[in-house]
Structures are given as C-alpha cells and as structure tokens.
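Chemist: Could you have a look at this structure, given as structure tokens, before my questions?
The values are calculated or read from the model by the stated rules, or taken from the named source; none is laboratory data. Bear in mind that the values here come from a model prediction, so they are computed numbers and not experimental data. Reconstructed Cβ throughout: ideal geometry from the backbone, glycine too, with neighbour counts over all protein chains shown. The accessibility values were calculated without ligands, DNA or RNA, using every heavy atom of the protein model including side chains. Shrake-Rupley method; radii C 1.70, N 1.55, O 1.52, S 1.80 Å.
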Amino acid sequence: MSRYFLAALALSTFTPAALSGPPGQWDSAQISTVRPLEIKMAGLSTGRGTLRANGQAAKGDNLDDFGVWLSVVLSSSGGQNRIDAITTPPPFDGTGTTSTFIDSSATLFAVGDICARGNTAVVPYIKDFNVEVAHFNGSVWSTQTIPGTTASNYTTADCGRTTAGYFITAQDFNDSEIEIFHSPEGGSDYTFYGRYADARGPFSGAVRDQLATDPRSPQAAILSQQSNGQIRITSFDTRSPFPPAPTHTNIVNLGAPPGSFTIVRESSAARVGDGVFTFLYNADDLARTINFDTGNPSGFTAGVLGAVNSSAGQYTFQGGTAIHVPGSQPRTNLIFDDFFQLDEMGASVIDPLFPLDGVGGPIDGCLATFNPQQRKTYFTGPDATGQNTRLFSRTELPPEIFSDGFESGDVSAWSCN
C-alpha cells in the first residue's frame with residue numbers, strides 16, 4: 001500500500017474546494033429517539049451470510065460474513081447518563097433495529113473506540129471515574145471494572161487490537177499519566193501493561209488522548225498532550241514484554257491547557273497503512289491532522305483543516321471521526337463539522353452535501369466493502385435537530401485495484417476508526 005502523506009498541509013490553514021465530479025450520494029435512517037452525546041461504531045458478524053450494497057444477504061462471496069452495524073450511544077436523562085448498544089441489520093434503513101441497555105450512572109462518560117472481531121465486541125468507558133469494559137460475546141452483554149482502576153480517577157478510555165491482543169488505554173487524572181491494560185485474547189481479562197507520565201486529559205482542558213492500532217501488525221500509537229501544551233505521539237511495539245519501551249515524538253506545542261474543563265476536545269484516528277495512522281484532533285479550536293508512520297516517527301506530517309466552531313449548531317462541541325478508503329488513489333474521510341477528504345498528496349476537498357454541516361455533536365463511522373465495485377462509508381450521528389440518532393451512509397467510488405482484503409475474506413473488507 002502506498003504511504004499516505006499530508007505534506008501539502010504543512011501546518012497551514014486552507015480553504016477546501018468542492019469535490020471534483022459528482023459528490024457521493026448520502027442516505028440516512030433513524031435508529032433511535034435518544035439525543036446522542038457520545039457515539040462509537042463497529043461492524044459485527046452474525047453468521048447469516050454476506051451483504052451486497054443493496055443490503056441483501058448473498059452467499060458464495062469471499063467476503064467475511066458481515067451482519068449488523070453496532071452503534072454504542074451515550075445519552076442523558078433525569079440526571080443519569082446511560083449507554084445503549086444499538087444494532088442495525090440490513091438493509092440498514094432502520095427496520096429491525098434493536099437497542100440493549102448496557103450501563104448507567106450519574107458519572108458515566110468517555111466511551112472509547114469499539115474493538116470488534118467477528119461477533120464479539122469490547123467497549124471501554126468511564127463510570128464513577130473507574131475504567132469499565134462492556135463485553136459482548138455474540139449473545140449477551142456483560143460489564144467489568146478493570147482491576148486496579150478504583151484507586152485513582154480516570155477521565156478517558158479507548159480500545160485497540162493488534163496481533164498481540166486487546167489494549168485499553170486510560171488517562172489517570174490524579175497521576176497525570178496514560179495507563180495501558182492488556183488482554184491477550186478475547187478482551188475479557190485485563191492486566192496492567194505499562195504507563196507513561198505527563199499526559200493531561202479533558203478535565204485539565206487538554207485534548208482527549210487517542211489510541212491507534214493496527215490489527216494486522218503489533219504496532220500502536222497514542223496521541224496525548226503534556227502539561228506544557230506539547231502534543232506528542234507515543235508509539236510502541238505491543239509484542240514488547242512489560243513494561244513496553246515507547247518512543248515519544250513531539251508534534252507541536254500549543255500552549256499549556258487551562259488546567260480545568262472548558263469544552264470537549266475530541267480526537268480520532270484511522271489506520272491508513274501498515275503501522276501508519278492519521279490522527280484528527282482539536283486541542284486549540286482548530287481541526288488538526290497528523291500522519292504518523294511507526295516505522296519512521298520523525299517523518300510525520302501535520303496540518304490544519306480549519307476552525308472548530310463549538311458554539312454553533314445543536315451542540316456546544318464538535319465530535320470527529322476518520323475513515324480510510326483504500327485503493328490505487330486512497331482517500332481518508334475526516335469529519336469535524338464539515339466532511340473533508342484528503343488524498344495521499346495532502347490535497348483536501350469538502351463534500352457540500354454533508355447532511356450534518358453545522359450541527360455538531362458526536363459522530364463515528366466505518367467503511368464497508370460489499371463487493372469489488374461497491375463501497376460505502378457509514379456514520380452514526382445526531383439528526384439535524386440534535387434530538388435523535390441516525391445512521392448515515394455515503395457511496396464511495398469503487399477501488400481501482402481489487403484489494404487483497406476482499407479476495408482473502410479478512411476483516412480489511414470493512415474497517416472502523
């Protein structure tokens with residue numbers, strides 16, 4: 001796969017042009033009547049056959065069995081926050097959608113990226129400032145507290161999977177550090193794996209730390225912010241025995257965070273190559289990008305998409321997501337209020353038909369490849385009023401090269417950030 005460079009961004013703000021050619025077709029369906037405050041999304045297998053772009057089951061394809069979209073949504077009512085698991089089956093028009101309650105608490109927040117494999121899923125989150133894990137075994141949901149996380153106050157949680165197993169990262173507010181927990185297989189039993197110091201979190205006004213992993217390699221990277229304002233990426237090989245030997249790479253210093261919570265400063269990441277990740281984050285009211293190669297940390301490139309307006313629309317914050325669309329001309333879809341696409345040379349375009357322009361709030365998404373000529377990106381987010389939850393889809397151009405992921409039937413046939 002070609003490397004995905006953002007060199008043309010060069011830490012400068014630019015005005016993106018309209019998409020060349022016909023813009024992608026957008027469709028959507030309501031999947032819940034709750035007002036979403038946080039959203040994470042993944043695809044789960046069901047054992048009922050594969051799917052084509054029209055959502056109809058078809059047998060005989062080499063694509064791994066792909067069944068339902070899983071959207072984990074945090075909402076609030078009556079002083080209680082709660083998270084629910086919403087599954088949407090084909091044809092992805094909202095029919096057959098089910099919602100399962102997972103957990104609730106007045107202090108439940110920071111739902112992390114979903115680690116999904118086959119018909120199982122792991123969802124980390126914070127409850128009463130402890131690190132919790134919701135686990136779906138293909139039939140039922142269960143929850144557990146990660147051992148050792150009740151003695152301190154944690155403010156973030158995230159999940160990633162590599163060839164070495166499942167990894168949960170969390171920001172320890174009391175000790176101002178990132179802590180890493182590991183489950184070798186299954187994502188159900190966690191032990192302490194490592195830590196690194198001087199990492200502030202959202203309760204200090206810093207950017208939310210973001211874990212990026214490669215399920216096809218042992219490489220992992222974490223974006224975080226130091227007390228002096230330095231944005232850095234910490235990368236490590238997850239085959240390393242306890243404790244890992246991380247490499248810290250300084251990206252840009254944005255000034256010390258204010259020391260207390262101001263607004264939600266979100267982040268996201270996408271795998272764009274073997275051990276290569278694109279990060280999207282807001283640390284200073286700008287939507288910033290980083291392209292980072294774990295094999296060449298000092299060769300990172302960084303850029304700015306534009307201003308993040310957290311006072312407009314239906315929410316007082318902007319969520320973001322990053323979805324890579326591979327091919328001979330790869331693109332990465334980035335959402336931070338607007339819908340951007342970056343090509344491998346760093347050129348950016350914007351989709352003027354993005355239905356959530358100016359709405360704000362949470363959003364997360366995945367890419368689905370139904371057959372060699374049909375691909376769509378799916379996103380879960382609020383509706384235009386901010387009061388309901390919808391599943392959006394955008395038709396992507398077919399890949400110019402028949403991907404090995406589709407031919408071999410592995411999980412690269414669909415991917416989530």
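Chemist: Go over the candidates Asp351, Asp338 one by one and state the one that is farther than 15 Å from Ile31 by Cβ and open to solvent by 20 Å² or more (accessible area, probe 1.4 Å).
Modeler: Step by step, each of Asp351, Asp338 is checked, and only Asp338 is farther than 15 Å from Ile31 by Cβ and open to solvent by 20 Å² or more (accessible area, probe 1.4 Å).
Chemist: Out of all the residues in the range 188-213, which are among the small types (Gly, Ala, Ser) and over 22 Å from Ser235 (Cβ atoms)?
Modeler: Result: Ser188, Ser204, Gly205.
Chemist: While we're looking at this one, here's another question. Please list, ordered by residue number, the strands (runs of 3 or more DSSP E) wholly in the range 119-236 having 1 or more residues that are more than 18 Å from the chain's Cα centre (by Cα) and among the basic types (Lys, Arg).
Modeler: So the answer is 120-127, 191-197.
Chemist: Just checking, which of Ser217, Ser227 is open to solvent by 10 Å² or more (accessible area, probe 1.4 Å), closer than 21 Å to Ala110 by Cα and among the hydroxyl-bearing types (Ser, Thr, Tyr)?
Modeler: Exactly one of Ser217, Ser227 is open to solvent by 10 Å² or more (accessible area, probe 1.4 Å), closer than 21 Å to Ala110 by Cα and among the hydroxyl-bearing types (Ser, Thr, Tyr), namely Ser227.
Chemist: Kindly indicate whether any position in the range 45-61 is open to solvent by less than 40 Å² (accessible area, probe 1.4 Å), of a type outside the set (Asp, Glu), modelled with pLDDT of 95 or more and within 17 Å of Gly365 (Cβ to Cβ).
Modeler: So far as the range 45-61 goes, no, none of its residues is open to solvent by less than 40 Å² (accessible area, probe 1.4 Å), of a type outside the set (Asp, Glu), modelled with pLDDT of 95 or more and within 17 Å of Gly365 (Cβ to Cβ).
Chemist: Looking only at the range 315-340, which residues are in contact with a Ser or Thr (Cβ under 9 Å, 6 or more places away or on another chain), of a type in the set (Phe, Trp, Tyr) and under 20 Å from Leu353 (Cα atoms)?
Modeler: Answer for the range 315-340, where residues must be in contact with a Ser or Thr (Cβ under 9 Å, 6 or more places away or on another chain), of a type in the set (Phe, Trp, Tyr) and under 20 Å from Leu353 (Cα atoms): Phe336, Phe340.
Chemist: Suppose we filter the range 89-112 for residues that are more than 19 Å from Cys366 (Cβ to Cβ), under 22 Å from the mean Cα position of the chain (by Cα) and hydrophobic (A, V, I, L, M, F, W, C); how many remain?
Modeler: 5
Chemist: Take Val264 and tell me if it is open to solvent by 10 Å² or more (accessible area, probe 1.4 Å), assigned to a strand (DSSP E or B) and more than 30 Å from Thr163 (Cβ to Cβ).
Modeler: Against the criterion (open to solvent by 10 Å² or more (accessible area, probe 1.4 Å), assigned to a strand (DSSP E or B) and more than 30 Å from Thr163 (Cβ to Cβ)), Val264 does not qualify.
Chemist: Need a quick list: strands (runs of 3 or more DSSP E) entirely within the range 278-359 having at least 3 residues that are in contact with an Asp or Glu (Cβ under 9 Å, 6 or more places away or on another chain) and farther than 29 Å from Thr247 by Cβ.
Modeler: Result: 338-343.
Chemist: A further question on this structure: Looking at the range 148-178, which of the residues that are open to solvent by 20 Å² or more (accessible area, probe 1.4 Å) and aliphatic (A, V, I, L, M) is farthest from Arg239 (Cα to Cα)?
Modeler: For the range 148-178, the residue satisfying everything is Ala151.
Chemist: Under 7 Å between Cβ atoms, which residue pairs at least 6 apart in sequence (or on different chains) link something in the range 115-137 that is at positive phi and in contact (Cβ under 8 Å) with a residue 24 or more places away in the chain with a partner that is part of a strand (DSSP E or B) and open to solvent by less than 10 Å² (accessible area, probe 1.4 Å)?
Modeler: Correct list of pairs: Phe129/Tyr154.
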